[in-house]
Number of protein chains: 4
Amino acid sequence: MQGLITRITDSFSRQPAMQLLGAEIGRVETGFTEIVLPFDIKLTQQHGFIHGGVIGAVLDSACGYAALTTIPEDAGVLTIEYKVNLLAPAKGDHFRFEGRVVKPGRTIVVSDGAGYAVQGGDEKRIATMTATLMAVHGRDDVKD
Amino acid sequence: MQGLITRITDSFSRQPAMQLLGAEIGRVETGFTEIVLPFDIKLTQQHGFIHGGVIGAVLDSACGYAALTTIPEDAGVLTIEYKVNLLAPAKGDHFRFEGRVVKPGRTIVVSDGAGYAVQGGDEKRIATMTATLMAVHGRDDVKD
Amino acid sequence: MQGLITRITDSFSRQPAMQLLGAEIGRVETGFTEIVLPFDIKLTQQHGFIHGGVIGAVLDSACGYAALTTIPEDAGVLTIEYKVNLLAPAKGDHFRFEGRVVKPGRTIVVSDGAGYAVQGGDEKRIATMTATLMAVHGRDDVKD
Amino acid sequence: MQGLITRITDSFSRQPAMQLLGAEIGRVETGFTEIVLPFDIKLTQQHGFIHGGVIGAVLDSACGYAALTTIPEDAGVLTIEYKVNLLAPAKGDHFRFEGRVVKPGRTIVVSDGAGYAVQGGDEKRIATMTATLMAVHGRDDVKD
């Protein structure tokens with residue numbers, strides 16, 4: 001389990017895009033990854049909420065890392081596609097994104113994602129995603 | 001036409017998230033918006049390509065602004081959902097994203113998006129999107 | 001509750017397409033609808049499994065009826081879009097499709113769907129969907 | 001070219017589900033397949049239009065056959081996922097569905113689809129799709 005967490009955290013720390021957004025790895029389990037995003041005015045759109053594209057980007061990462069927890073250590077994953085529904089304005093102190101593998105596989109892995117806005121003690125669902133990932137085996141340039 | 005370009009450029013300049021990514025408005029026409037994104041190492045994932053989530057985010061903006069060009073000036077648009085297929089690694093000097101309205105409407109607008117990586121004189125298709133937008137009329141907090 | 005079940009069952013019985021496929025309404029609750037589909041060779045593709053398009057069609061109905069359970073009696077729903085991932089070959093004695101509202105709303109309703117193949121006592125997940133529906137109020141031609 | 005047309009037509013004729021709907025293969029080219037669907041009351045939903053699930057099913061087939069035209073003869077394709085936007089009510093004498101490969105590939109093929117309602121001499125866009133297909137090589141049970 002500790003190996004799994006280290007694998008995901010190490011990989012995540014090598015993603016400049018996620019650092020630019022200020023996203024952080026949360027809970028990690030086999031088939032599951034959580035990412036936490038603090039509110040930052042730099043991430044907003046013109047109405048003051050977190051940009052829907054940022055929501056999609058972080059949720060895509062959560063889905064991809066959830067997939068990575070289910071494939072061998074010498075393999076990596078590439079996102080084939082993702083689809084996100086924005087359910088409510090992304091307004092909160094911070095945001096939680098969960099990726100969960102709904103179908104593991106040697107080549108194709110499918111993850112569902114859920115996004116939540118947290119304000120005070122309240123949590124509100126703000127997004128739902130389905131992502132399709134491809135596991136890539138034996139290529140050094142696509143690993144973790 | 002100049003009014004249209006000003007409307008889109010003004011709105012875009014009020015999106016901190018797009019500035020954070022370094023995205024710039026390109027060509028604007030009724031039913032069409034182009035966004036240009038220079039390569040920046042800050043936008044990459046662990047394999048050195050632009051993060052798929054960033055591709056989705058900028059393409060979502062292109063689709064949304066294409067929709068905005070087709071609705072009245074007192075209205076705004078909200079993204080209901082978008083779906084992106086990543087067709088090839090996002091490797092290039094810069095990237096072009098096109099949003100194009102495939103179905104205008106009073107309430108629901110559907111845009112298709114296309115992403116291209118440009119390297120030297122070569123351009124390669126890297127992404128395809130379909131986005132569903134909702135036009136919101138008469139609300140000061142959702143305008144342009 | 002009985003009113004709700006009658007509303008959904010009546011509407012479903014007026015869908016010739018669902019009768020052509022042999023689909024039947026199962027459990028109905030507020031925010032939830034189940035549809036059951038017996039295996040029929042007429043519904044297969046060239047490899048002997050239920051056609052993915054049929055899976056999508058029945059799951060779309062389950063998602064739409066789940067949405068209908070959450071909106072007023074004088075309103076109807078139209079599908080704006082749906083996205084389905086086919087997770088495993090649709091091979092079984094019969095199939096169960098669940099639609100569940102993940103976000104109710106006056107105008108936009110989002111439902112998640114899940115498909116299962118049932119063979120003997122075993123049930124296997126074969127599909128996942130997200131659908132976006134529009135509630136249409138006060139139009140006699142779009143009612144239930 | 002004749003070989004290509006025969007390959008697609010033969011495979012299509014082995015899909016009972018498409019026959020049940022009354023769908024017919026139209027134009028076939030490398031990377032492109034058209035399917036034609038005559039109006040039939042059996043295919044409608046409760047408002048008298050062709051059921052959105054039927055639109056999705058036929059468009060999925062068009063996208064899948066477009067993909068099949070681009071892969072070797074000993075290989076077959078499986079649909080991983082598809083996403084369809086229903087742009088207008090499917091009302092017409094007949095319907096045309098076009099599938100077009102936007103990204104060929106050895107393993108993953110992506111097709112875009114477009115649906116049209118034809119009434120008299122008029123043609124109206126009614127649907128847009130993106131589908132992801134997996135090419136399966138060397139398996140006798142997944143061939144054409």
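Every residue in segment A:5-18 that is in contact (Cβ under 8 Å) with a residue 12 or more places away in the chain and either in contact with a helix residue (DSSP H, G or I) (Cβ under 9 Å, 6 or more places away or on another chain) or within 24 Å of B:L20 (Cβ to Cβ) (or both), please. Selection gives A:R7, A:I8, A:T9, A:S11, A:F12, A:Q15, A:A17, A:M18. Taking every residue in segment A:19-45 that is among the polar types (S, T, N, Q) and pairing it with any residue that is part of a loop (DSSP other than H, G, I, E, B), at least 6 positions away or on another chain, the pairs with Cβ-Cβ distances below 6 Å are A:T30/A:T69; A:Q45/A:H51; A:Q45/B:Q15. When restricted to residues that are buried (at least 21 other Cβ atoms within 10 Å of the Cβ) and not in a strand (DSSP E or B), segment C:91-118 contains 1.
For segment B:119-135, what are the residues that are buried (at least 18 other Cβ atoms within 10 Å of the Cβ) and not hydroxyl-bearing (S, T, Y)? Full working, then the answer.
Going through segment B:119-135, the residues buried (at least 18 other Cβ atoms within 10 Å of the Cβ) turn out to be B:126-135.
Correct list: B:I126, B:A127, B:M129, B:A131, B:L133, B:M134, B:A135.
One residue stands out among those in segment C:39-77 that are surrounded by fewer than 20 Cβ atoms within 10 Å (Cβ to Cβ) and of a type in the set (A, V, I, L, M): the one that is modelled with the highest pLDDT, which is C:I41. Is it true that B:E123 is touching a residue at least 24 places away in the same chain (Cβ under 8 Å), more than 10 Å from chain A (Cβ to nearest Cβ) and in a loop (DSSP other than H, G, I, E, B)? No.
Which one is surrounded by the most Cβ atoms within 10 Å (Cβ to Cβ), of the residues in segment D:1-28 that are in a helix (DSSP H, G or I) and among the β-branched types (V, I, T)? Filtering segment D:1-28 for residues that are in a helix (DSSP H, G or I) and among the β-branched types (V, I, T), the one surrounded by the most Cβ atoms within 10 Å (Cβ to Cβ) comes out as D:I8. Taking the criterion of being more than 10 Å from every other protein chain (Cβ to nearest Cβ), within 21 Å of A:L78 (Cβ to Cβ) and part of a loop (DSSP other than H, G, I, E, B), the only residue of segment B:29-68 that qualifies is B:F39.
The sole residue among A:G92, A:G31 that is in contact with a Pro (Cβ under 8 Å, 6 or more places away or on another chain) and small (G, A, S) is A:G31. Taking the listed residues D:V84, D:V102, D:V136, D:V142, the one that is of a type outside the set (G, A, S) and touching a helix residue (DSSP H, G or I) at 6+ places or on another chain (Cβ under 7 Å) is D:V84, with no other qualifying. Looking only at residues in segment C:69-89 that are among the small types (G, A, S) and within 11 Å of another protein chain (Cβ to nearest Cβ), the one that is farthest from B:L78 (Cα to Cα) is C:A88. Of the residues screened, A:A114 is not one that is more than 13 Å from chain C (Cβ to nearest Cβ), under 22 Å from A:Y82 (Cβ atoms) and within 18 Å of the chain's Cα centre (by Cα). Taking the numbered list (1) crowded, with 17+ Cβ neighbours inside 10 Å; (2) in a loop (DSSP other than H, G, I, E, B) in turn, A:A88 passes all entries but (1).
The values are calculated or read from the model by the stated rules, or taken from the named source; none is laboratory data. Here the structure is a predicted model, which is why all the values come from computation and not from measurement. Methodologically, a virtual Cβ is constructed for each residue, glycine included, from the backbone with ideal geometry; neighbour enumeration extends over all protein chains shown.
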